[in-house]
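The values are calculated or read from the model by the stated rules, or taken from the named source; none is laboratory data. Given the structure is predicted, the values throughout are model-derived calculations rather than measurements. Cβ sites come from the backbone with ideal geometry, for glycine too, and all protein chains shown count toward neighbours. Surface accessibility is based on the protein's heavy atoms, side chains included, excluding ligands, DNA and RNA. Shrake-Rupley method; radii C 1.70, N 1.55, O 1.52, S 1.80 Å.
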Amino acid sequence: MMQVELKTHSSEETMTISQGLGKLLNGGEVLLLEGDLGAGKTTFTKGLAKGLDIKRNVNSPTFTIIKEYEGRLPLYHMDVYRLADSEEDLGFDDYFMGSGVTVVEWAHLIEDYLPEERLEIYIYHLGDDERKIVLTPRGARYEDICKELTE
């Protein structure tokens, strides 16, 4: 299985990588973000939003579960941390099968709802500003995106 590992030494570098990723997306992509609290999931999403030409400030949807942003493509930013024990159907398929880009923080908590093809992104906190970002594509489309990102 293909994996891409990238190291960053500042939040700006993390945002530059995710901005580059955002520029490669065409809609319909599902990105899963995992990492400890403070690892940089929201920072990553801010860069992604820039790559999608979103002008609004992006922040964590912790208390609203899903935030929507308009840009070159719609961005659906989900934080499902609070849904760990919930049986509530929030219409995930509408987002996962839609024409926008869906980012899910803490995605392992809704594993049963996730599409088989997706890009899994794990952010490891290595030090003050240092991060290791591991991209694991699930499906040929996501493998192509990872290859383009690292060229």
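Assorted remarks:
- Kirkwood analysis of the range 1-138, using all unique Cα-Cα pairs, places the hydrodynamic radius at 14.9 Å.
- The sum of -39500 (n - 2.57) across all DSSP H runs of n ≥ 4, divided by the residue count of the chain, sets its helix-only mean residue ellipticity at 222 nm to -8000 deg cm²/dmol.
- Among the listed pairs LYS23/LYS147; LYS55/LYS132; LYS7/LYS67; LYS55/LYS147, those with a Cα-Cα distance over 25 Å are LYS55/LYS132; LYS7/LYS67; LYS55/LYS147.
- With both residues required to sit in the chain, DSSP beta bridges show an antiparallel share near 55%.
- Computed with a 1.4 Å probe over protein heavy atoms only, the accessible surface of the chain comes to 52 Å² per residue.
- Under the Karplus curve 6.51 cos²θ - 1.76 cosθ + 1.60, θ = phi - 60°, whole-Hz ³J(HN,Hα) for the range 119-132, x wherever Gly or Pro sits: 10, 8, 10, 10, 10, 9, 8, 9, x, 2, 10, 8, 9, 10
- Sequentially through the range 14-20, phi angles give Karplus couplings (6.51, -1.76, 1.60; θ = phi - 60°) of 4, 5, 5, 5, 6, 5, x Hz, Gly and Pro residues having no value and appearing as x.
- Sorted on the mean count of surrounding Cβ atoms within 10 Å across their residues, most packed first, peptides 38-46, 24-32, 66-74 read 38-46, 24-32, 66-74.
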